[in-house]
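The values are calculated or read from the model by the stated rules, or taken from the named source; none is laboratory data. What you see is a predicted model, and the numbers here were worked out from it, not measured in a lab. Backbone-built Cβ (ideal geometry, glycine too); neighbour counts: all protein chains shown. Ligands, DNA and RNA are excluded from the accessible area calculation, which covers all protein heavy atoms including side chains. Shrake-Rupley method; radii C 1.70, N 1.55, O 1.52, S 1.80 Å.
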Amino acid sequence: MKKFTTHSGLVAPMDRANVDTDMIIPKQFLKSIKRSGFGVNLFDELRYEDEGLPDQDNSQRPLNMDFPLNWPRYEGASILLARDNFGCGSSREHAPWALEDYGFRVVIAPSYADIFFNNCFKNGMLPIILNEEIVNDLFVEMNEQEGFSLTVDLAAQTIARANGESIYFEVEAFRKKCLLDGLDEIGLTLQHVDAIKGFEQNWKQSCPWLFDALS
Amino acid sequence: MAGKTLYDKLWESHLVTELNDGSALLYIDRHLLHEVTSPQAFEGLRLANRQPWRIDANLATADHNISTETTERAGGVQAIADPVSRIQVQTLDDNCAEYGIVEHRMNDAGQGIVHVIGPEQGATLPGMTLVCGDSHTATHGALGALAHGIGTSEVEHVLATQCLVSQKMKNMLVRVDGELGAGVTAKDVVLAVIGKIGTAGANGCAIEFGGQVIRDMTVEGRMTVCNMAIEAGARVGMVAVDDKTIDYVKGRDYAPKGDQWTAAVSAWQTLHSDADAEFDVLVELQGEDIEPQVSWGTSPEMVLPVGARVPDPEQITDANKRDGVVRALDYMGLQPDQALVDIPVDRVFIGSCTNSRIEDLRAAAAVAEGRQVAESVKQVLIVPGSQAVKKQAEAEGLDKIFMAAGMDWREPGCSMCLAMNADRLGTGEHCASTSNRNFEGRQGNGGRTHLVSPAMAAAAAVAGHFIDVRELMAEA
């Protein structure tokens, strides 16, 4: 997995609550059997005026210029500032794949839906939770200052503002470690192979009906 | 010390090891796979040169993007018109064949929506941990299993290790006391719960649904309720095991038999929260207060009793909430304070992992029988949840009732719930849908979804607009 240590980047807004994963990447793009290439269809229904189709030439499509990600001032943004319950709905990991493929490495929001939050960490992306007041302040600052950027330091768990102020954020220790070292989670779990085998043996004795029934 | 909740018991019985940072390795008994969220996981296994840990824990089927049209289905995978969909379905077949995973292919007798066939075949059992790359996996919790949706990286993780790295969730009890009135269904109960606690109301929680209303509900009804736990933010929804659960499981294809059945039943009888168990959050509803529900907005929490009127943003003081309501009304093409029963319906969809089981179809057929789809309604799709449901419905003559009313009888699949196939709404069309999500564009770009029960959907189909199904029941 891609490592995440520090990241500095331009901040762009997604200023509405309950952004669902259908909105992040609509279903017609889930037919792909690949992990990459979803970035051009990130927020497809909001970004473009027409209906998107898989495998089309997106450079020819009419853009919705009311959508902030289409504004020149947010070009190249890599930190998404969002609202409550970001990523709700479908479990599709295509949502973080699309955000990452577009260029986002960090999302900042007051809260996330559980599955999306979990999926981000598996893809070298950092979803940061800050309280609503701070998120509101960041929205105000971002709207006022063109080129508003932040620097995230995962080891220190801080976000540095341009004025030198630092915002502390929480992150679970295991997830932090995996991101910092770019660890392969399956490899880590397989370090417990004896424990898994031991469990399985006992479990099979107490609940034999859970084994072999499908074969 | 306080007793244990059902969730505590299921968690503890599957704990392989606790890791030193507060997370844990949880053993997974059953893994369900479908075509959309699995190809990248199999590819990951191959790239890392890993093998599946335990083949017989896995069961696969094609459901999400397949056609529901009988003619297209009859031609098999090669006849799938959309080449991108065809590759995805073929990839599932190839992966399952390569690894020896049991798969119910597109036209097999065991095929169906993954959350319908699991319980139906006894592949879902009480006391199990069960995961699937789909957020509606909580459905299986209706049988007293610990079941939740996972992402594709976790699909690969479960394939490779038979475990998940998990964090224990909080315990939430949603207790629905009393009893439901006639015409009020499991779907109305869960929509009312979501309307009450909101779409993020149970984030971080495992919900146990309890109370007299849940105990009185059929196992299929409980599946409808658990199915939509995710729409309240909870990955997990579940119901304690009782005699109904055990009767439901008995005799199903993959259910234990003989001595193993006896041993299993005695183990399952402990699968309920202890009387002195403590929950972190308690939500209470009274069955008598719940009416048939209709969602009006673009989030499942935007839902009201059918007799209500949609909100007027001017009456909302919180600016963020007001903006959300304004945006939803605009997307849905509704006027502030408009009566729900005045919303015309262009299409109707009866199906999905929420409401495509035999009882759902019976409820819809009871309303459709002897009536006609309103002229203004362009299409009514009836999509059974599985081949077995389809067969049963046809044996009962339900297909004939639907077709006589002017409705389309289709092949099993996810269909217009997420509109990955050709079943979708046109821009601006209103749909009475028994599915689970009314997000913008969910059922087709610009489509407008209203979530309802199967009986309410059938009632909207014949009336041409939303109507309290109890009015039609009184007529009959």
>> Among the residues of segment B:342-370, what is the count of those that are open to solvent by 40 Å² or more (accessible area, probe 1.4 Å) and either part of a strand (DSSP E or B) or of a type in the set (Asp, Glu) (or both)?
In response: 5
>> Looking at (1) crowded, with 24+ Cβ neighbours inside 10 Å; (2) part of a strand (DSSP E or B), which one does B:Asn171 not meet, given that it meets all the others?
In response: (1)
>> Please return the ranges of strands (runs of 3 or more DSSP E) entirely within segment B:25-134 where 2 or more residues are under 29 Å from B:Thr224 (Cα atoms) and within 10 Å of chain A (Cβ to nearest Cβ).
In response: B:58-61, B:129-132
> What are the residues in segment A:38-54 that are over 15 Å from A:Lys27 (Cβ atoms) and not in a helix (DSSP H, G or I), if any?
Replying inline: A:Tyr48, A:Glu49, A:Asp50
> Counting only residues that are touching a residue at least 24 places away in the same chain (Cβ under 8 Å) and among the acidic types (Asp, Glu), which one in segment A:80-129 is nearest to B:Gly44 (Cα to Cα)?
Replying inline: A:Glu93
>> Just the residues that are open to solvent by 10 Å² or more (accessible area, probe 1.4 Å) and among the hydrophobic types (A, V, I, L, M, F, W, C), please, taken from segment B:390-406.
In response: B:Ala395, B:Leu398, B:Ile401, B:Met403, B:Ala404
> Which of the residues belonging to segment A:94-109 are more than 23 Å from A:Glu132 (Cα to Cα) and more than 9 Å from the chain's Cα centre (by Cα)?
Replying inline: A:His94, A:Asp101, A:Tyr102, A:Gly103
> So which pairs qualify, if the first residue must be in segment B:366-383 and of a type in the set (S, T, N, Q), the second must be open to solvent by 70 Å² or more (accessible area, probe 1.4 Å), the Cβ gap must be under 8 Å, and the two must be at least 6 apart or on different chains?
Replying inline: B:Ser376/B:Pro344
> Looking at segment B:399-421, which of its residues are more than 11 Å from B:Ser352 (Cβ to Cβ) and part of a helix (DSSP H, G or I)?
Replying inline: B:Asp399, B:Lys400, B:Ile401, B:Phe402, B:Met403, B:Ala404
> Only one residue in B:Ile87, B:Ile80, B:Ile66, B:Ile117 is of a type outside the set (S, T, N, Q) and closer than 23 Å to B:Leu143 by Cβ. Which one?
Replying inline: B:Ile117
> Inside segment A:10-26, can you point out the residues that are over 15 Å from the mean Cα position of the chain (by Cα) and open to solvent by less than 10 Å² (accessible area, probe 1.4 Å)?
Replying inline: A:Pro26
> What pairs come up if the first residue lies in segment A:136-150 and is at positive phi, the second is surrounded by 14 or more Cβ atoms within 10 Å (Cβ to Cβ), and their beta carbons are under 7 Å apart, counting only those six or more places apart or on different chains?
Replying inline: A:Gly147/A:Leu10
> Of the residues that sit in segment B:11-24 and are crowded, with 16+ Cβ neighbours inside 10 Å and small (Gly, Ala, Ser), which one is farthest from the other protein chains (Cβ to nearest Cβ)?
Replying inline: B:Ala24
>> When the residues of segment B:323-341 are narrowed to those that are buried (at least 20 other Cβ atoms within 10 Å of the Cβ) and touching a strand residue (DSSP E or B) at 6+ places or on another chain (Cβ under 8 Å), which ends up nearest to the other protein chains (Cβ to nearest Cβ)?
In response: B:Met332
>> Given the options B:Gly426, B:Gly446, B:Gly441, name the one that is on the phi > 0 side of the Ramachandran plot and surrounded by fewer than 24 Cβ atoms within 10 Å (Cβ to Cβ).
In response: B:Gly446
> Any idea which of (1) in contact (Cβ under 8 Å) with a residue 40 or more places away in the chain; (2) of a type in the set (Asp, Glu); (3) farther than 20 Å from B:Gly385 by Cβ; (4) within 11 Å of chain A (Cβ to nearest Cβ) is the one B:Asp8 doesn't satisfy?
Replying inline: (4)
> Considering only residues of segment A:34-60 that are buried (at least 19 other Cβ atoms within 10 Å of the Cβ) and of a type in the set (A, V, I, L, M), which is nearest to B:Val326 (Cα to Cα)?
Replying inline: A:Leu46
>> Which pairs turn up if I take residues in segment B:261-290 that are within 14 Å of chain A (Cβ to nearest Cβ) and look for partners that are in a strand (DSSP E or B) and of a type outside the set (Asp, Glu) with beta carbon separation below 7 Å, at least 6 apart in sequence or on another chain?
In response: none
> Which helices (runs of 4 or more DSSP H) does segment B:182-248 wholly contain that include 3 or more residues that are more than 18 Å from the chain's Cα centre (by Cα) and more than 22 Å from B:Lys321 (Cα to Cα)?
Replying inline: B:212-216
> Is there any pair linking a residue in segment A:5-32 that is away from chain B (no Cβ under 11 Å) to one that is in a helix (DSSP H, G or I) and basic (Lys, Arg), with Cβ under 9 Å and at least six apart or on different chains, and which?
Replying inline: A:Leu10/A:Arg73; A:Ala12/A:Arg73
>> For the structure I just gave you, tell me whether B:Gly112 is at pLDDT 95 or above, open to solvent by 10 Å² or more (accessible area, probe 1.4 Å) and not charged (D, E, K, R).
In response: no
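Matching residues to (1) touching a helix residue (DSSP H, G or I) at 6+ places or on another chain (Cβ under 6 Å); (2) within 13 Å of B:Ala364 (Cβ to Cβ):
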position	(1), (2)
B:Ala395	no, no
B:Ser415	no, no
B:Glu440	yes, no
B:Val469	yes, yes
> If we scan segment B:408-420, do we find a residue that is among the aliphatic types (A, V, I, L, M) and open to solvent by 20 Å² or more (accessible area, probe 1.4 Å)?
Replying inline: no
>> Taking the conditions exactly as written (of a type in the set (D, E, K, R) and surrounded by 24 or more Cβ atoms within 10 Å (Cβ to Cβ)), does B:Glu69 satisfy them or not?
In response: no
